[in-house]
2 protein chains.
Amino acid sequence: MRVTTGTKNRTRQAIVDAAIELLAGNPACSLGEIAAAAQVGRTTLHRYFAERADLMAAVADEGGERLTRAARLAELDRGTGAEALLRLCREYFDLGSLLSLVFSEQTGDCWDAQEEPGVEAVVRRGHADGSIDPVLPADWVVSLMWSQLYAAWSYLGERPGASRHYVLDLLTRTVANAVRGPGAI
Amino acid sequence: MRVTTGTKNRTRQAIVDAAIELLAGNPACSLGEIAAAAQVGRTTLHRYFAERADLMAAVADEGGERLTRAARLAELDRGTGAEALLRLCREYFDLGSLLSLVFSEQTGDCWDAQEEPGVEAVVRRGHADGSIDPVLPADWVVSLMWSQLYAAWSYLGERPGASRHYVLDLLTRTVANAVRGPGAI
DNA sequence: CTGTAGTGGAACACACGTGTTCCATGACGG
DNA sequence: CCGTCATGGAACACGTGTGTTCCACTACAG
């Protein structure tokens, strides 16, 4: 039984990637557009994902894996809470258009249902070690981080000339200041 | 020629209000849902706004007026740049679901095409008087404010028990810290 | 060469939102 | 009471997205 799934997996991945890219810009995107962007016929798309919901589930899965990978790269256990949070910001920022997708699902918490508890634990560590203002609730700090991530990503998208590193610097400065609280140097 | 438009204006306003409320939650909302929320028939809605675009234009007009009113209440000329910016945050926060609507139109700048220059001028005043970190570009500060406004509004919506004043306090603390820069007390 | 896997185009039925027309009903002032 | 006004329901045609079926084409292994 040879593994002919090499081609299938490649096609499937192309569809999911195109879906993430297009859904980020337009959540009401049609399957035809996604198929065209993936350079695949609409028939083929339906062969991999019978219903729209199936594709959405695959997109959610892929997004969740990317988030988990980024969180692992951030080494959340290292340094103060604020330092870990800023490392996470930098890793998440590299996720690109996926940010819009995660953020637009304000209420659809399906995304980081597993991630968020870990991030909130980092914030509480920051509360304890004094690097994060204890007045700010952990879930507030998390939503603050996400809204700034989204703002930074769209800021970058609206200014074709802007450097990715420059915007990332603005983002980390802003989050660091917002979280630090009024007491520090 | 008696002014029978009392009823008409009331109906029209009810439709626009319902549209703002529903479009904030779901930008792809159908006209039928809007009509139902406004407690009018779909026929009546079409009598006031022939096409969907006409209703959208009316919503944009109403939103623009509310934004202008809030900016006037904030007395942007008074105090330091940072103080004026925080007053504006508080007034904007009271706009409620309109925040989602304005924010979701990331690229559709039709909203504050008149407002934004004024706000950016406030930020530059803050740059000059030392109340806002000059390292942060004015348009960055504006997008920072909007993303935090949106985050605060959805934070409030997701926590039915949370006090509006408490969330507003979190918002102003966060924005004040983010904008203040690393140098101050 | 032959069979199979992966693909894509064409066509269809269905659901939904939209914009329109027509007609009936209730309210209000003359 | 009667005419007008604002309204809402029913029905229709149209466009678009969706999910399905059927068939033809290409690449590749045996």
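Inside the stretch A:16-27, residues that are open to solvent by 50 Å² or more (accessible area, probe 1.4 Å) and either within 14 Å of chain B (Cβ to nearest Cβ) or within 13 Å of DNA strand C (Cβ to nearest atom) (or both) make up a count of 3. Checking the structure you have, find out if any residue of the stretch A:102-124 is touching a Pro at 6+ places or on another chain (Cβ under 9 Å), in the same structural domain as A:V167 (by TED's automatic domain parsing) and open to solvent by less than 20 Å² (accessible area, probe 1.4 Å). Yes, that holds for at least one residue. B:A57 passes every criterion in (1) in a loop (DSSP other than H, G, I, E, B); (2) away from DNA strand D (no atom under 13 Å from the Cβ); (3) without any contact (Cβ under 8 Å) to a residue 12 or more places away in the chain apart from (1). Suppose we keep only residues that are among the charged types (D, E, K, R) and within 10 Å of DNA strand C (Cβ to nearest atom) within the stretch B:28-68. Which one would you say is nearest to B:A18 (Cα to Cα)? Here the residue is B:E33.
Look at the stretch B:44-92 and say how many of its residues are within 13 Å of the chain's Cα centre (by Cα), open to solvent by 50 Å² or more (accessible area, probe 1.4 Å) and of a type in the set (S, T, Y). Selection size over the stretch B:44-92: 1.
Inspect all residues belonging to the stretch A:35-43 and state whether any of them is closer than 24 Å to B:S104 by Cα, open to solvent by 20 Å² or more (accessible area, probe 1.4 Å) and within 8 Å of DNA strand D (Cβ to nearest atom). The answer is no; no qualifying residue exists.
The residues of the stretch A:155-174 that are at pLDDT 95 or above and open to solvent by less than 40 Å² (accessible area, probe 1.4 Å), listed by number, are A:Y155, A:L156, A:V167, A:L168, A:L170, A:L171, A:T172, A:T174.
Those residues that are closer than 21 Å to B:P137 by Cβ and either open to solvent by 30 Å² or more (accessible area, probe 1.4 Å) or in the same structural domain as A:A24 (by TED's automatic domain parsing) (or both), I need them from the stretch A:129-153; list them, please. The one that is closer than 21 Å to B:P137 by Cβ and either open to solvent by 30 Å² or more (accessible area, probe 1.4 Å) or in the same structural domain as A:A24 (by TED's automatic domain parsing) (or both): A:W153.
The values are calculated or read from the model by the stated rules, or taken from the named source; none is laboratory data. Worth saying up front: this structure is predicted, and the values here are computed from it rather than measured. Cβ sites come from the backbone with ideal geometry, for glycine too, and all protein chains shown count toward neighbours. Side chains are part of the model used for accessible areas, which takes the heavy atoms of the whole protein and leaves out ligands, DNA and RNA. Shrake-Rupley method; radii C 1.70, N 1.55, O 1.52, S 1.80 Å.
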